[in-house]
Each structure stands twice: as C-alpha cells, then as structure tokens.
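First up is the structure itself, then whatever we jot down about it.
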Number of protein chains: 2
Amino acid sequence: MEQRISLVTLGVRDLARAKRFYEALGWRGQEMQETVFFQTGGMALVLWGRDQLAADAAVADIAAAGAFDGVALAQNVRSREDVDRIAAEVAAAGGEVTKAPADTFYGGYAFYFRDPEGHSWEVAYNPGFTINADGTLTLPDFAAS
Amino acid sequence: MEQRISLVTLGVRDLARAKRFYEALGWRGQEMQETVFFQTGGMALVLWGRDQLAADAAVADIAAAGAFDGVALAQNVRSREDVDRIAAEVAAAGGEVTKAPADTFYGGYAFYFRDPEGHSWEVAYNPGFTINADGTLTLPDFAAS
C-alpha cells in the first residue's frame with residue numbers, strides 16, 4: 001500500500017450547512033450527487049452524508065452527538081499572524097473555536113476549531129515544519145534536528 | 001483560510017501497535033516524542049495519543065469503543081487488481097476489512113478497512129479520478145463529464 005492519502009471524507013448530517021461553512025472560509029468545491037468535493041492540493045476533502053458513509057464502510061455509527069472523532073485535520077500556516085487571522089475567520093463563519101490561539105510546547109502557536117458537524121481542525125504555525133510555496137508540507141528529519 | 005490540509009492526525013490508544021500496522025503495510029515514518037509522522041505526499045499522517053489529541057483540542061472524548069469516527073480516509077489506486085492486492089495486505093497486517101472488495105455505484109471497485117484503532121479507510125479504484133504519476137489525485141471537472 002503506497003504511503004499516501006487521496007481523500008479525507010467528512011461525514012455530515014447537514015450537507016448544505018457544512019458546504020456553506022467551508023465556502024465561508026473561502027473554499028470552492030464541486031457538488032455532485034449530494035457529495036461536495038474540494039480539491040486540496042494533491043488530494044481532496046469530501047463532504048458526504050454521515051449515514052451514507054457509515055453504510056458504505058459497513059460500520060455501525062454509534063457515536064453520540066458531539067463525540068470527538070478521534071481524528072483531527074490540521075492546516076499549517078506561515079506565521080502567528082495567520083493563526084490569529086484564521087481564528088477570526090472561522091469564528092465569523094460559525095465554527096466553534098474549542099481552543100483559542102495559544103503558544104504550543106514545540107515553540108509554535110495554534111488553535112483548534114470544530115466545523116458545524118463537530119469535525120476537529122487545528123490551524124498551527126510550527127517553525128520546525130516547512131511549508132513549500134505550493135502549500136505542501138515537508139516534515140523535518142527529526143534525527144538531524 | 002487556504003484550501004489545503006497539512007496533517008491528518010489519528011488518535012491512538014496503543015501507539016506501538018498502530019505504528020506496527022502501518023509499517024506492516026510498507027509505510028515508513030519517524031517517531032518523535034511519542035508521536036509518529038508519516039510523510040504522505042505533500043502532507044503527513046500522524047499517530048498521536050488519543051487522550052493527548054482530545055486534550056490538545058480541548059474537546060471531550062466521549063466516543064464508545066468501536067464507534068465510527070464520522071471520518072474516512074481513502075487511497076485511490078490505479079486498478080481493480082490493486083484493490084484486491086491491498087485488501088489482502090491489510091488483512092495480513094491485522095486490519096479489519098469491514099467491506100470486502102466490491103463494485104461501486106460509480107463504476108469503480110473498492111473496499112473498506114479499519115486500522116487497529118478503528119479508523120476507517122477506503123481503498124478505491126475510480127476510473128473517473130486521475131491519479132498522477134506522483135500519486136497525487138486530481139478531481140475531474142464534474143460539470144464537463
């Protein structure tokens with residue numbers, strides 16, 4: 001199995017609301033058969049009915065409303081100012097900032113939010129991680145750092 | 001907020017077990033401060049303690065064991081044969097195949113599995129999605145197709 005991810009699909013109960021939220025952050029996607037696809041660099045973020053996703057995966061969806069996914073997405077940004085700016089954008093778009101921007105143990109600065117469906121995101125400035133001009137992220141060689 | 005994802009962090013209860021599973025699939029990562037980082041194209045998959053992740057996000061982790069995340073990762077592959085081959089690899093590595101390889105409504109072929117921590121993955125052949133030579137995925141223009 002190659003070491004890569006093609007899609008991250010977020011199960012949603014209200015597709016229109018979720019789509020509006022990401023659009024309010026400036027994202028632009030395509031809706032096709034009650035599914036929304038956002039091209040995110042060399043992969044895609046997909047919004048799809050949570051019931052349909054669980055059924056497609058053949059797993060029972062027994063999570064309580066508001067339960068933590070056990071998963072967090074993250075966007076690394078280029079400065080502390082970006083973190084503060086995006087936190088304001090997220091709040092204005094109706095996201096729930098669960099942890100306000102704060103210094104991190106690794107010398108960075110970050111905040112967390114949940115989208116309207118409760119999916120967790122971190123937005124982080126981490127001076128140890130390289131963000132390339134095209135927005136891709138390259139991990140450091142931790143052994144050398 | 002730019003339209004991109006830098007990290008997908010999977011919360012884990014047994015880091016060593018989760019690391020072994022992805023390594024058994026052929027992935028190679030770096031462990032740093034009880035966190036495992038896998039470079040996946042222009043982003044990274046991260047394994048981190050589920051309790052630590054929930055605490056970092058300042059959200060309560062009330063999910064029952066075995067609950068669906070509400071999220072699925074996917075890897076798109078180049079052929080139906082790849083789907084069958086990876087399903088066998090995943091089973092051999094100790095993954096739980098929740099849905100065996102089968103035809104999909106969009107003319108593709110796919111299976112789902114859960115990693116040892118219950119995180120859902122789909123491996124799919126979708127003839128409508130382009131997989132580039134470097135493994136990145138480009139969505140079609142649905143309006144034109």
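The values are calculated or read from the model by the stated rules, or taken from the named source; none is laboratory data. All figures in this text were calculated on a predicted structure; none of them were measured in a lab. Every residue, glycine as well, gets a Cβ built from its backbone with ideal geometry; the counts of neighbours run over all protein chains shown.
Taking the conditions (1) within 16 Å of the chain's Cα centre (by Cα); (2) at negative phi; (3) facing chain A (nearest Cβ under 7 Å); (4) not aliphatic (A, V, I, L, M) in turn, residue B:30 satisfies each one other than (1).
Report whether or not residue A:83 is at the interface with chain B (Cβ under 7 Å from one of its Cβ atoms) and either at pLDDT 95 or above or surrounded by 16 or more Cβ atoms within 10 Å (Cβ to Cβ) (or both). Spelling it out, it is not the case that residue A:83 is at the interface with chain B (Cβ under 7 Å from one of its Cβ atoms) and either at pLDDT 95 or above or surrounded by 16 or more Cβ atoms within 10 Å (Cβ to Cβ) (or both).
Name every residue in the stretch B:51-84 that is in a helix (DSSP H, G or I) and under 21 Å from residue A:75 (Cβ atoms), in order of residue number. Passing the criteria: B:52, B:53, B:54, B:55, B:56, B:57.
Which is more than 17 Å from the chain's Cα centre (by Cα) and of a type in the set (Val, Ile, Thr), of B:59, B:36, B:90, B:77?
On the way: B:36 fails: more than 17 Å from the chain's Cα centre (by Cα); B:90 fails: more than 17 Å from the chain's Cα centre (by Cα); B:77 fails: more than 17 Å from the chain's Cα centre (by Cα).
Answer to the selection: B:59.
Listed by first and then second residue, the pairs linking a residue in the stretch A:7-18 that is closer than 15 Å to residue B:72 by Cβ to a residue that is of a type in the set (Phe, Trp, Tyr) and surrounded by fewer than 22 Cβ atoms within 10 Å (Cβ to Cβ), with Cβ atoms under 8 Å apart and 6 or more places separating them unless they lie on different chains, are A:9/A:48; A:10/A:48; A:11/A:48; A:12/A:48.
For the stretch B:121-137, the condition of being surrounded by 13 or more Cβ atoms within 10 Å (Cβ to Cβ), within 30 Å of residue A:140 (Cβ to Cβ) and more than 8 Å from chain A (Cβ to nearest Cβ) holds for at least one residue.
Suppose the filter is surrounded by 21 or more Cβ atoms within 10 Å (Cβ to Cβ), touching a residue at least 40 places away in the same chain (Cβ under 8 Å), more than 29 Å from residue A:95 (Cα to Cα) and under 17 Å from the mean Cα position of the chain (by Cα); does residue B:71 pass it? First the steps, then the outcome.
Numbers: surrounded by 21 or more Cβ atoms within 10 Å (Cβ to Cβ): yes; touching a residue at least 40 places away in the same chain (Cβ under 8 Å): yes; more than 29 Å from residue A:95 (Cα to Cα): no; under 17 Å from the mean Cα position of the chain (by Cα): yes.
So residue B:71 fails the test.
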